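Heads up, the thing below is written out as structure tokens.
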Amino acid sequence: MNPAFVARMAWREGRASARRLLLLTASITAGVAALVAINSFTDNLRRSVQEQARSLLGADLSISSQKEFTPAVTALLDTLGQTGLARVTTFSAMAYTAAGSGARLVQVSGVTGPWPFYGDIVTDPAGAWGELSRGPHAVVDPSLLGALGAAIGDTLAIGAARFAITGTIARMPGDVGVRSALGPRVFIPGRYIAATRLLGFGARVEREAFIRLPVGEAAQPIADRYRARLRAENARIRTVAESQQNLDNALGRLGHYLGLVALIALLLGGLGVASATHVFVRQKADTIAVLRCLGATAGGVFAIYVAQAAVMGLIGSVLGAAIGIAVQHVLPSAIASALPLDVSTAPSWPAIGVGVATGVWVAVVFALLPLLSARRIPPLAALRQAYDPGGRPREPLRIPVLFLLAASVVALAAMQAGNPRTGLAFAAGIGASVGVLAITAWLLIRSVERWFPHTWPYVWRQGLANLRRPGNQTTAVVLSLGFGAFLLATLFLAQYNLLEELRITGGPSRPNLVFFDIQPEQVAPVSRAIAGAGYPVGSPVPIVPMRIRSIRGRPVAAIAADTLARARQRGRSAGGGWALRREYRSTYRDTMVASEKLVAGRWWGSGRTRGSPVPLSLEADVAADLGVRVGDAMVWDVQGVPVATRVVNLRDVDWARFEPNFFAVFATGALETAPQSFVVLTRAPDAARRGQLQREIAQRWANVTSFDIAVVQEAVERLVSRVVLAIRFMALFSLATGAVVLAGAVSTSRFQRLRESALLKTLGASRRQVLQVVLAEYLAIGLLASVAAFILAALAGWALAHFLFEIPFRLPLRQAATLIGGTAVLAVLIGTWGSVEVVRRTPLEVLRET
Amino acid sequence: MLHCESLTKTYGSGGRELTVVKNISFSLEAGGFLAIVGPSGSGKTTLLGLLAGLDRPTSGSVTLDGAVLERLSEDARARLRGEKVGFVFQSFQLIPTLTALENVQVPLELRGIAARERATELLARVGLAGREHHYPAQLSGGEQQRVALARAFSNRPRVLFADEPTGNLDARTGATVVDLMGELNRDLGTTLVLVTHDPDLAGRARRTIRLADGEIVADSAA
């Protein structure tokens, strides 16, 4: 059959049912919008990273260390830093103002030299950064002013020094906002660090030197040349390219995951297209049979409708792309505070192209299966109205088309995920979820049939029965609407359980204020001060900083080199390296605490005389990272002194409990004389009194730092909410798709429902009754979708809590009811809105049309 | 022009077999006018469908203008219909989404022939000049059937099959439609095969085949 005819017929056919077809393809609009928005956003983000790369580090090179720079490192800095050298020394301390109340744990950074070399730190008032080094000034995070009730111009106390707050940080290049969430930052001129008198023993200090290279000199070769040598000196070198790469990877992953959530919306739209097409083909059966009588081939008829699906897919996708671009303009401002840089909002043409192409492809591929049955409508159907389709042969193309459909889903997921394995897993996950949702929906429908409420009023029975009218799209609507609700419910349950866990651990009898960095001779006076203020004092917990020297007799350096070589062979990054080289803050005691659970070996008894090696308990995950089992020998480097240990057991630790928890716990009798500091916990009833106590201790013992657990909880909640907000935003598109699919289904069945209601009215039904039938039908659909969704979400939420977060699962019934009710109301609103005509029109008008 | 030999059609439904057309043979010359009559369920429509190649017989054979239908593939039969066969249905079967003019154009356009002028001419001939851009729903039953007639003749068919063409029309409108069919039969030499209940309509045919229970019980030249 000639293509011109196919095109013409596709156009003429589409013209007449444009409204319905558009709704059909609007199913994919939300999905394409989500895809274009997130991909365009990610593209812009990456371009911005590229453009602003140098300002991310503020320099060409950085060398950092958690110890004092060794003479070798200092010599290297002098050589490399001839064009430009700046230093930033960062440590934790308590800050308070004379005028305000309370005290707050802050990160103090002493800046020496013209850092940053690239990019600008924007302050409020402007210019405060430039004035910083003029005197004892401090530029702080705005959150600190709020926490201390302070204002610009106030005097800030840090240790023994006093600073004038001259400004707050409005924007800082390369700042991801996560660090400042846990401790507000305070920038002071480097030359005043000594005046604080806080850098004594045991203080954790990070020293970082920033280097500006002469124009034209490449940073990477320098970094590569000195990296190994610096590592031996416990220092780390970073370049702009590396931090750009890290950020780029992180943003890429974020984009991929959000893109996958967007893809769900699109695939649900595909489901809507498939279902609507199925009904559409049934309604077109007469037309198709006549065309066949008039000499159209089966393939030709098929081509007409595939062409229609493609064109409608294109319209739906272009509309979606336009919405996506608009949404993309809003995205950066919604999550700007979490982003380390300025993001442009120019439309990304590759993202638009990919989005539109994906949309058209999904529309066509999902329409193919139901359209295959158009090939099977025989010309004879035009002659015999009640033609029995039972005798039709099976469509041989069914299997290839199903395969194409599955392959397309996997390919799209792989493309969006950035790798085939994730794509496959994701496609399988969606398939399984849709399957479980479909089975749940089916069971619910069956149980309605099985226990049909025969005694209910007629309108309710009719509404329920309508779910099964010929050509109904109940399953597709329940799936698409349900999946959106399922995503939102699962997100909600995950967030709820995570935060609930934090809240419970902060229950009424637990400590909520932690003092640490207490020197041995300060333990008694600090404890007395707390008790004197009327608060309970827990027993002091010793903390001993140390590193691993050897495992099973092999030095860590050799093990690390091996691990690195093996990881390179497998083409992966070495994850175990950090566990080998990091500093451990360990404790010693002879009993287990409530947050610990023994998983291998046995606990040692107390009071036994022990020589070397010292019994040691390791946290199970870190033991796995280190490749250590019960019975292995480990030698630790405790401030230069070797301490031999033997691993006698492994523990699981519930880190979510805000208690001093440790990777390594030593038996008593070995570390008592080692350099150490102590942690003391207490509990004060409200924030004001906690702040008061923090301030008193900080004023008397400047090196003792403290934090309020409620403040940390708030910070964690803010972080979790911010991540969840982005995912929830993408998941909303799925719900929107569900709504459109429902609207499409309402529109597709318009004629049928017009006739039904005309008949009802002819038989004496009032408009009110007809409206009630409609309400009953959509209330049932909405409840079906949301109940099925919530059952699935509860399962998923439980699995997440149990396997991923390892926390107990709680089901919030009140919120669950709200979600179920909300989805049902949405369904009823869309259903009745699309049924106004059904209620309004007189039976005669309808019957004359038929 | 049209020849069938031992034509039999059996439908199997639910394990029971139902033979709707039994061993029917006859020939019809070019330009002939045949009416197939008989009570409901006698197999008239099935026979018509088989003669037009809309379905395959269980056994037997149909030759239409020299082409042996059961040797042709589904698509080849579709092409044959497009070139040599016209249809008129009891329920008109106009495509509701197409205008009158477009409905008439379809058979020619299927073959890639620009058909606007001819379609306009045919509509004028069936008395619907000026109604070209109306949709089927905007036309009365008689007008719809006249559009269907114009469509049936648009490709100058060698054979026109009509299934109860006046079944849904009142007597006067029906007569107009039948007159038109007769005219076209005479002017264009089209062979006519029609299935009908209507004795008046059957009386106009030059030959009548009466069916009962799927078999020919009478075959008379009028």
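A crude spin-label estimate for the pair residue B:172 and residue A:346, with each label 7 Å from Cα along the Cβ direction, gives 7.4 nm. Rounded if a/c is under 1.5, else prolate if a/b beats b/c, else oblate: with a ≥ b ≥ c from the C-alpha gyration tensor eigenvalues square-rooted, which is the stretch B:103-197? Oblate shape, in that a/c is at least 1.5 and b/c is the bigger or equal ratio.
Here the Karplus relation 6.51 cos²θ - 1.76 cosθ + 1.60, evaluated at θ = phi - 60°, turns the backbone of the stretch A:536-547 into coupling constants of x, 10, x, 6, x, 9, x, 10, 10, x, 6, 10 Hz, with x for every Gly and Pro. Sequentially through the stretch A:630-644, phi angles give Karplus couplings (6.51, -1.76, 1.60; θ = phi - 60°) of 4, x, 6, 8, 10, 10, 9, 9, 9, 6, x, 9, x, 10, 7 Hz, Gly and Pro residues having no value and appearing as x. Close amide H pairs (under 5 Å, H built 1.01 Å from N) link residue B:210 with B:37, B:217, B:218, B:219, B:220, residues at least 5 positions away or on another chain. Computing Rg and the Kirkwood Rh from the Cα coordinates of the stretch A:537-682 gives a ratio, Rg/Rh, of 0.97.
In order along the stretch A:83-90, phi translates into HN-Hα couplings of 7, x, 9, 9, 10, 10, 10, 10 Hz, rounded to whole numbers, per the Karplus curve 6.51 cos²θ - 1.76 cosθ + 1.60 with θ = phi - 60° and x for Gly and Pro.
Distance between the 7 Å Cα→Cβ label points at residue A:101 and residue A:162: 2.3 nm. How high is the relative contact order of chain A, in percent, with contacts defined as C-alpha pairs under 8 Å that are six or more residues apart? In percent, rounded to a whole number, it is 18. List the DSSP H helices in chain A whose Cα atoms stretch 24 Å or more along the helix axis and whose mean Kyte-Doolittle hydropathy is at least 0.0. Both cut-offs are met by A:18-51, A:240-283, A:298-335, A:349-375, A:398-417, A:420-450, A:474-505, A:709-748, A:767-799, A:813-833. You can think of it this way: the chain between residue A:836 and residue A:220 has 214.9 nm of extra reach, that is 0.36 nm per residue less the Cα-Cα gap.
What FRET efficiency do you get for residue A:404 and residue B:200 if R0 is 60 Å and r is their Cβ-Cβ distance, rounded to the nearest 0.05? All intermediate terms of the calculation are to be shown ahead of the outcome.
Numbers: r = 56 Å, r/R0 = 0.93.
Using R0 = 60 Å, I get an efficiency of 0.60.
For residue A:686, put the label point 7 Å out on the Cα→Cβ axis and report which residues of the stretch A:522-547 keep their amide N under 19 Å from it. Zone members listed by number: A:533-536. Modelled this way, with points 7 Å down the Cα-to-C-beta line, the labels at residue A:447 and residue A:655 are 4.0 nm from one another.
If R0 is taken as 25 Å, the Cβ-Cβ distance between residue A:455 and residue A:751 corresponds to a FRET efficiency of 0.20. Calculated from the alpha-carbon coordinates, chain A shows an Rg and a Dmax of 33.6, 103 Å respectively. Rounded to a whole number of µm²/s, how large is the Stokes-Einstein D of the stretch A:1-132 at 4 °C and 1.567 mPa s, given Rh as the Kirkwood radius over C-alpha pairs? The Stokes-Einstein estimate is 60 µm²/s. With the Cα gyration tensor of the stretch A:54-246 giving a ≥ b ≥ c as the square roots of its eigenvalues, does the rule (a/c under 1.5 for rounded; else a/b larger than b/c for prolate; else oblate) give rounded, prolate or oblate? In terms of gyration-tensor shape, prolate.
Could you calculate the FRET efficiency of residue A:330 with residue A:439 from 1/(1 + (r/R0)^6), where r is the beta carbon distance between them and R0 is 60 Å, rounded to 0.05? Could the numbers behind the result be given before it?
Values: r = 38 Å, r/R0 = 0.63.
Taking R0 as 60 Å, the efficiency between residue A:330 and residue A:439 is 0.95.
Here's the picture: charge each Lys and Arg Cβ at +1 and each Asp and Glu Cβ at -1 in the protein assembly as shown, and of A:265, A:57, A:494 the one pushed furthest to the positive end of that dipole is A:494. For the protein assembly as shown, the tally of Lys pairs with Cα-Cα distances below 26 Å comes to 7, considering only residues 8 or more apart or on different chains.
Between residue A:85 and A:212, the built amide H atoms are under 5 Å apart, and every one of these is 5 or more places off in sequence or on another chain.
Full extension of the chain segment joining residue A:810 with residue A:170 gains 226.4 nm, where the gain is 0.36 nm per residue of separation less the Cα-Cα distance.
Once backbone amide H atoms are built at 1.01 Å from N, residue A:679 has A:541, A:543 as its partners under 5 Å, excluding neighbours fewer than 5 places away on the same chain. Rounded, prolate or oblate: which fits the stretch A:642-715 when a ≥ b ≥ c are the square roots of the eigenvalues of the alpha-carbon gyration tensor, with rounded for a/c under 1.5 and prolate only if a/b beats b/c? Verdict is oblate for the stretch A:642-715.
Any read-out appearing in this document is the output of simple, stated calculations on the displayed coordinates, not a laboratory observation. Since the model is a prediction, treat every value here as computed from it, not as a measurement. With ideal geometry, Cβ positions are generated from the backbone for all residues, glycine too; neighbour counts draw on all protein chains shown.
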